[in-house]
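One structure below.
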């Protein structure tokens with residue numbers, strides 16, 4: 001007999017998971033802390049637009065939703081780097097013109113909730129879970145009228161985000177390992193509206209970055225012609241949120257570092273002082289499940305910083321893996337949750353590390369000519385040796401190779417590229433047969449090394 | 001005007017802290033989760049005897065309590081290693097015949113509580129704190145009659161242990177970093193009573209160890225002639241608690257690995273099945289304080305595993321440092337708590353790492369002849385070069401050198417000893433003038449390296 005499944009959280013992962021489970025015939029009830037996004041006024045200024053890439057699309061496809069969401073997604077084929085002097089450089093994400101897709105978090109979430117309900121899932125809003133008794137699988141909810149409600153779940157999946165109540169109950173159990181690490185950076189959401197004619201003020205199909213070494217501004221395109229901008233800046237120090245208290249300070253800061261952006265931000269001052277300065281956390285936890293009773297998924301299992309655009313993608317990939325394991329093991333949730341944890345825990349840790357590494361790349365390295373050179377060489381290697389070389393970025397964003405494998409390849413790629421770049425200009429050398437011979441050997445050596453890793457397909 | 005101080009936890013650190021603060025004229029109230037140890041029947045089988053060393057004595061001395069506690073402490077001058085074949089080896093802790101002291105946790109705690117009360121501190125027992133509002137400094141207590149009580153503290157110090165309610169409230173605040181890591185080992189307390197004539201069944205002035213590679217048994221002497229034994233064993237695996245379910249299994253296990261010990265344990269079976277199998281956790285947190293309102297101390301700030309016998313010593317050293325900072329800054333708690341955090345956080349992290357490293361030493365390395373040889377050489381180096389060389393063990397247990405400095409010295413000592421041992425038998429070589437010259441150079445080089453570190457006195 002099929003089990004009844006309770007999901008904590010009607011966010012992106014919880015809602016998609018509900019759709020996938022409903023399609024398999026499970027009875028699904030979601031409990032969501034917040035009011036209904038579709039009718040309530042939603043909190044703004046904390047969204048960070050989503051960048052959907054291969055892993056996210058795969059899970060949406062599994063749920064039959066790919067086409068629906070392609071219509072609200074804007075492809076970004078590369079980075080558009082705004083330099084201090086007002087000039088710009090573009091940098092393609094892929095050798096094959098692949099894109100990551102800008103999607104509004106709110107819009108995607110609303111639609112996923114409606115689809116889940118249409119498929120027959122029930123969503124209880126304004127049910128704040130304060131604790132879970134892991135033995136009894138009993139949830140305690142606080143309702144808006146001040147009353148408490150207790151519910152015993154059959155199978156419980158915690159998709160309730162970085163500050164998950166289920167994760168917190170795990171953390172208070174014996175022999176559960178946890179970490180939570182905040183960056184010393186905050187972020188603040190800002191806005192570039194369309195111009196007077198309703199047109200976009202910048203190139204549409206890019207992820208815009210103003211890399212400034214220790215900090216950065218980014219902007220992602222929206223369907224309405226606006227861009228959602230996010231400023232990432234240290235909380236404290238010389239150039240920091242702590243030193244941006246007055247309009248004059250904010251004006252001087254933007255005028256110096258982000259002059260071109262400021263000119264496109266008519267509501268900069270209002271946005272800057274109205275929107276919160278939010279923090280950025282990475283969390284890990286182990287185990288991810290207790291028996292066949294409950295398990296963590298998405299940010300609840302692995303909250304990460306947003307710099308690789310992989311938060312939602314990693315959570316959706318958790319859903320794909322669960323779906324595959326249900327194919328394999330039917331209704332045997334003991335085995336499903338065991339294998340899920342074994343498969344996903346190393347990848348949850350790995351994507352957290354990748355996201356932290358990409359922050360340094362985005363705010364600092366992209367402004368360096370050596371780095372830009374390397375990116376061009378990587379693209380050429382990918383075209384010359386399509387079976388042997390895929391750049392780390394492409395593995396993360398355009399493949400289903402386990403994140404953990406990706407992170408293991410970093411060192412081997414660094415050493416390969418170092419060898420190549422030590423020889424001088426690659427695009428000159430490549431016409432020299434002697435260099436070509438060396439290159440073939442290096443790439444073969446690289447390939448031999450990384451072949452030892454598991455390139456299995458996660459989705 | 002002097003502030004009123006509330007302390008969470010009447011354990012060892014909370015009680016000692018109360019004495020130190022009362023002697024400075026602060027009004028002190030302690031809130032303790034458990035009933036009064038002195039009148040209630042206390043939970044047994046989870047104590048792990050204490051080994052008091054220099055840092056602990058220093059703090060007790062500051063509170064005027066050293067003499068009182070010397071009378072209930074048994075010096076242990078070294079390790080007494082029980083080998084598989086029934087033979088034994090002893091290993092001195094120090095070149096100067098210094099000792100660590102076995103003390104009953106319960107006895108020490110009871111006396112410290114009474115002294116705190118005699119000094120004028122108030123202890124409220126059976127006050128379980130469920131949360132602290134860090135902004136208001138408001139504590140919520142659950143009382144035995146089921147009621148809730150709220151108390152606003154002036155200055156609050158959380159000495160409430162590894163599962164501190166104050167630490168938990170920190171962990172739920174924005175931008176607080178935490179880790180909690182359990183060993184895959186559990187421990188179980190056992191007992192070797194005195195013999196029929198009331199005499200000790202083993203040598204009194206040693207810490208007894210049965211090192212067995214992946215696991216071990218230890219025994220510490222008690223005032224009543226008994227020894228408190230602790231078995232440290234993996235939770236799972238071939239040789240593990242998971243495979244000790246029946247009396248036959250326990251008998252076979254002890255008969256094989258701890259034959260001599262088993263013969264001295266008439267209540268082995270009762271103890272084994274009655275006493276809990278407990279887990280071992282290391283925790284870290286940052287920050288350690290919020291403004292001048294509240295701070296963490298002892299295990300609440302840095303819970304560690306017991307293998308260096310430094311848990312209480314580190315917590316008492318926190319008290320010494322606070323005391324020194326009160327000397328320096330009077331009633332300026334903003335400065336006191338700031339400096340306390342800066343001074344102690346690296347040392348809290350370091351003692352946690354040292355304790356984990358010492359587990360490998362105790363259960364495995366001590367059984368290795370190379371390691372025993374190294375210990376003898378270390379002792380000789382300490383005698384030959386008293387101003388230049390102190391072994392890591394001596395730094396931790398018999399000095400007030402910051403733990404963080406100690407851990408920085410490990411690599412330099414490893415490399416020094418490696419150089420010496422690569423030359424062959426030290427005690428033969430030492431008579432060779434050429435070797436002596438080399439040795440002088442190596443030790444001078446070692447000393448030059450470690451002089452860069454901060455050897456400041458923590459207490």
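Between residue B:457 and residue A:174, the distance separating the two model label sites (each 7 Å from Cα on the Cα→Cβ line) works out to 4.4 nm. Helix A:369-384 axis versus longest C-alpha principal axis of chain A: approximately 80°, rounded to the nearest ten. Based on C-alpha pairs under 8 angstrom that are at least 6 apart in sequence, segment B:135-198 has a relative contact order of 17 percent. How far, in nm to one decimal, is residue B:328 from itself in the other copies if the label point is set 7 angstrom along Cα toward Cβ? Shortest first, please. Spacings between copies for this position, smallest first, are 5.8 nm. Its Cα gyration tensor gives segment A:268-426 an equivalent ellipsoid; the semi-axes, largest first and in whole Å, are 33, 24, 12.
Here the ratio of the Cα radius of gyration of segment A:89-140 to 2.2 N^0.38 Å is 1.98. Rg then Dmax, both in Å and based on the Cα atoms of segment A:407-459: 13.2, 41.
Relative to the other identical copies, residue B:68 shows label-point distances of 7.1 nm, where the label point lies 7 Å from Cα along the Cβ direction and values run shortest first. Taking the centroid of alpha carbons for each part, segment B:436-450 and segment B:138-167 are 53 Å apart.
Peptide B:263-269 is shielded by partner chain Cβ atoms: per residue, an average of 0 of them sit within 10 Å of its Cβ.
Label zone of residue A:411 (point 7 Å out along Cα→Cβ, amide N under 18 Å): in segment A:432-448 this covers A:445-448. The modelled label-to-label distance for the pair residue B:263/residue B:380, using points 7 Å beyond Cα in the direction of Cβ, is 3.5 nm.
Chain A holds its axis-closest Cβ, relative to the rotation onto B, at the residue and whole-Å distance A:179, 2. The distance linking segment A:259-312 with segment B:175-243 is 45 Å (Cα centroid to Cα centroid, whole angstrom).
Nearest 10 degrees is fine. How inclined is helix B:247-257 to the longest principal axis of chain B, computing both from alpha carbons? Computed tilt is about 50 degrees.
For segment A:258-355, the gyration tensor built on C-alpha atoms gives a prolate shape. Its axis ratio a/c (a ≥ b ≥ c) is at least 1.5, and a/b is the larger of a/b and b/c. Only Cα sites of the protein assembly as shown enter the Debye sum here, all with the same form factor; the resulting log10 I(q)/I(0) across q = 0.07, 0.09, 0.11 1/Å is -0.71, -1.14, -1.44, listed in q order. Helix B:311-329 and the longest principal axis of the Cα set of chain B meet at an angle near 60°.
Three principal axis extents of segment A:76-227 based on alpha-carbon atoms, in descending order, are 61, 39, 36 Å.
Provide the three semi-axes, in whole Å and in decreasing order, of the ellipsoid equivalent to segment A:322-379 as defined by the square roots of 5 times the Cα gyration tensor eigenvalues.
One finds semi-axes of 40, 13, 7 Å for segment A:322-379.
Using a 7 Å projection from Cα along Cα-to-Cβ, the label point at residue B:276 is separated from the same position in the remaining copies by 3.7 nm, smallest value first. Computed from the Cβ-Cβ distance with R0 of 41 Å, the FRET efficiency linking residue B:329 to residue B:204 stands at 0.40. Report the far tail of the P(r) of segment A:380-431, meaning the percent of Cα-Cα pairs longer than 17 Å. Value for segment A:380-431 (Cα pairs over 17 Å): 41 percent. The overall shape of segment A:1-142, judged from the alpha-carbon gyration tensor, is prolate: a/c is not under 1.5, and a/b is greater than b/c. Working from the Cα coordinates of segment B:230-281, the gyration tensor eigenvalues give, after taking √(5λ), semi-axes of 17, 13, 11 Å in decreasing order.
In percent, rounded to a whole number, the relative contact order of chain B is 18, using alpha-carbon pairs under 8 Å and six or more apart. With a ≥ b ≥ c taken as the square roots of the eigenvalues of the C-alpha gyration tensor of chain B, please select rounded if a/c is under 1.5 and otherwise prolate if a/b is larger than b/c or oblate if it is not? The shape class here is oblate. Working note: 222 nm ellipticity from helices only, DSSP H runs with n ≥ 4, each -39,500 (n - 2.57), summed and divided by the residues of the protein assembly as shown, gives -12500 deg cm²/dmol to the nearest 500.
Normalised by the number of residues in segment A:224-364, the mean separation of alpha-carbon contacts (under 8 Å, six or more apart) gives a relative contact order of 20 percent.
Dividing the convex hull volume of the alpha-carbon atoms in segment A:134-196 by its residue count gives 203 Å³ per residue.
Readers should treat all values here as calculations from the given coordinates under stated rules, not as data from a laboratory. Quick caveat: nothing in here was measured; it's all calculated off a predicted structure. Every residue, glycine as well, gets a Cβ built from its backbone with ideal geometry; the counts of neighbours run over all protein chains shown.
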